[in-house]
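Have a look at the structure below before the remarks.
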Amino acid sequence: MSYDAEVYKVFIASPGDVLQERQIVRDVIQQWNCNNSEDKDIILQPVGWETHSFPSAGKSAQQLINDQCVNDCDLCIGIFWTKLGTPTDSHISGTVEEIEYFIKTGKPAMIYFSDKSPASLNDVDLESYAKVKAYRTEFENNHKGLYAAFSNQHNFRENLSNHLQLMVNREFGENISQKEIATSSRILQLSDKAKELLLEASEGSGQIGSLFSQGHDLLEVINGKEFVFPDCNLSVREITEWKDSLQSLIKTGLIRSQNPQNTAFEITLKGFEYADKLKSEKKCIRLNKQEEDIYCKALKEDSGEITCITAAENSMDIQVGISRLEIPQNHKNISLYQNALRKLVKYGFICYFSSESSGPIEVYKVTKKGYEFGADNNLL
């Protein structure tokens, strides 16, 4: 039986000396999907430049890989052994550039280093091997996060399976916690008009009046909003959609008739519970002060652009459209606003738009999801 699921793309970042480990990543993801997808309504899709990129011109190879593969992914799994990868215009290697993108945009990245000894040092580029060790030290010393080491492929497979389960539960757990809502929506298959009618009634008298059964165009929440009424200038199609919405609420048991003429209806307990789920689905994310400061101002700007300039460790400037945010220039407040940008990216409300490779300027833009959430929560 088919089912709806959220698809999260997993980018596999790795140089050419870990081909077997790349395949292990794909195998582990496939096994995770077999064990969890239907239950959690989540599918993980492995993505690699070797399988998801295509020939193109006009940009560097790494820029094309970023555009075609990296930027749309939700999670990165990076693997290193003796090679760091091919240098790019802005980074010591393409693999490093891909990983740095995920770190910069606040998306999860799981990094692994192989401690397996090469069969022969004669087969190893010692300069490249030294770069891997240097990057590993830099990753640890510059507090970029936690990495994991593995001694053999069996050890890697076992660790990755455990880590992937923990990561999905933590990073994408919101989707899992909303499964009951998603399941209810899938079973009921309510139209937007039916949801609007139910929500409006649940917040008002809990009663709906209709004269559709009597041959008249009237649909309203009693003592509340009118949806269809004489001379309302709705098309025949729109009126039909409202009629179908009322019928779908009756058929799903969310409302019931109060009289034989079917002119008055009341919301059932099931209807109130489902309305609560719809409300929580819309408003389950709570923004903190810094997130709200950035996001709400961006919503009100025509461009929806957020420009962040970090000139030094204790210097940060955020400009939203033509407005400049007042940020106290100290380590604590700068960290709070940096985290706010990462969280807004993670929520999907803004996306990383561009940066100057030679300078500390980053540009973000409000996404379609960001505008929709703002409209649903009266933030526009």
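When you check residue 102 against the structure, is it within 29 Å of the chain's Cα centre (by Cα) and modelled with pLDDT of 95 or more, yes or no? The answer is no for residue 102. Within the range 22-32, being of a type outside the set (A, V, I, L, M, F, W, C) and under 21 Å from residue 107 (Cβ atoms) holds for 22, 26.
Considering only the range 276-294, I want to know if a residue exists there that is under 16 Å from residue 203 (Cα atoms) and modelled with pLDDT of 85 or more. Looking for residues that are under 16 Å from residue 203 (Cα atoms) and modelled with pLDDT of 85 or more, one finds at least one in the range 276-294, hence yes. Looking at the range 58-159, the strands (runs of 3 or more DSSP E) lying wholly inside it that each contain 3 or more residues that are of a type outside the set (D, E, K, R) and either crowded, with 17+ Cβ neighbours inside 10 Å or not assigned by TED's automatic domain parsing to the domain that holds residue 32 (or both) sit at 75-80, 109-114.
Given the condition surrounded by 14 or more Cβ atoms within 10 Å (Cβ to Cβ) and either more than 30 Å from residue 172 (Cβ to Cβ) or in the same structural domain as residue 104 (by TED's automatic domain parsing) (or both), answer yes or no: does some residue in the range 306-317 qualify? Within the range 306-317 (the criterion being surrounded by 14 or more Cβ atoms within 10 Å (Cβ to Cβ) and either more than 30 Å from residue 172 (Cβ to Cβ) or in the same structural domain as residue 104 (by TED's automatic domain parsing) (or both)), the answer is yes, since at least one residue qualifies.
The values are calculated or read from the model by the stated rules, or taken from the named source; none is laboratory data. Source: prediction; values computed, not measured. No Cβ is skipped: glycine too gets one built from the backbone with ideal geometry, and neighbour counts run over all protein chains shown.
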